[in-house]
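All remarks here apply to the structure that follows.
Here, each number is a calculation from the coordinates, and none is a lab measurement. All values reported here derive from a predicted model rather than from experimental measurement. Because the Cβ atoms are built from the backbone with ideal geometry, glycine has one as well, and the counts that use them run over all protein chains shown.
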Amino acid sequence: MYLVVFFVLPLYVILSVAFGTVDPTFQSAVPIYQPWFWSSRYVTLVVGDAFGYQRGVYVRTFIYVFVASLICVFIAYAVAYYVARFGGKRKGLFLTLLIAPFFVSYLMRMLAWINLLQPDGYINKVLGWIPLAPHNVNWLGGYPVTLVLGLVYGYIPYMILPFYGFLDRIQQSLLEAGRDLGASPARTFVRITLPLSRQAILAGVVIVSLPMFGDYYTHDLLSPSPKTTMVGNLLDSAVHSTGQGPQAAVLVFILMILLLVPMGYYLRSTSNELKVRT
């Protein structure tokens, strides 16, 4: 009953809007709830655009999300590993510092980066002291690196905590057994710690990549340029444009299909892992 009320019904309404029509007078979306009256006009239009002139937007989105997720994995794993293995009595303090960003509004954190990245901000001032570094760069003028680092900064806390939870549960006796058998610390990490944390890496990637695909706010704040538009920006633009309600609904389903790929792989990997353990 819970899934019917909070998932199936809203999904059917969006589906009815996607295959519905637009009021000719008020240009508002008119959902059609009878499947036998559905029209594929807007679905064909949006899918055609996705394989046509908007194809670059989808390619950019995959590249940005992949690079940002990869950076998050390296940084989050290093931080979580240090806290889990070397935190000692200060683990509580470290976890508090890791959770602290959640108490600050995402908008406020992005606005802080805007002040740092402005032409007269501290980033350019610091780079001005470095001889070979670029000077007076307009970092807010549509640089992909600005958008990717903004995504990393905004979502990396969601990856650190799952990593820490998995790494902290790895039994110390397994690591000691590896060292007793003559393995070096690096080999112990590669042969024991890393394989045991595979599910944590998959979970962390899913947790941060899913919202990244639909993110539009980071682009609007840090890189408001058509050169760095993402799928979330197309959806946001359609929602706020007159007469594009069906297109927005179709974009929602396209985004859902994109998100089902990593989610399905994670569920399949988790299921296989459980079967191996049992």
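Observations on the model:
- Surrounding net charge for Gln54, when Lys and Arg each add one and Asp and Glu each subtract one, Cβ distance under 15 Å: +1
- Seen from a random direction on average, the alpha-carbon convex hull of segment 196-278 projects onto 6.8 square nanometres.
- Proximal charge balance of Asp215 [Cβ under 13 Å; K/R count +1, D/E count -1]: -1
- Contact order relative to length of segment 1-40, as percent, for alpha carbon pairs under 8 angstrom and 6 or more apart: 34 percent
- Identified option (computed log10 I(q)/I(0) by the Debye sum over Cα atoms at q = 0.13, 0.15, 0.16 Å⁻¹; candidates (i) -0.90, -1.22, -1.40; (ii) -0.92, -1.13, -1.23; (iii) -1.05, -1.22, -1.29): (iii)
- Here the translational diffusion coefficient of segment 154-216 follows from Stokes-Einstein with Rh set to the Kirkwood radius across Cα pairs; for 20 °C and 1.002 mPa s it amounts to 165 µm²/s.
- Relative contact order, whole percent, for segment 58-241 stands at 33, derived from Cα pairs under 8 Å and 6 or more residues apart.
- Burial ordering of Leu132, Leu255, Leu93, Leu116, fewest other beta-carbon atoms within 10 Å first: Leu132, Leu93, Leu116, Leu255
- When the Gaussian network model of the chain links Cα atoms closer than 10 Å, the mean-square fluctuations of Pro195, Pro224, Pro144 top out at Pro195.
- Residue with peak Gaussian network fluctuation, the chain [Cα springs, cutoff 10 Å], from Val261, Val231, Val148: Val261
- For Leu267 and Ile123, a Förster radius of 41 Å and the Cβ-Cβ distance give a FRET efficiency of 0.50, rounded to the nearest 0.05.
- Panel order for Trp129, Trp38, by other beta carbons found within 10 Å of each beta carbon, from fewest to most: Trp129, Trp38.
- With a Förster radius of 41 Å applied to the beta-carbon distance between Phe51 and Phe103, the computed FRET efficiency rounds to 0.45.
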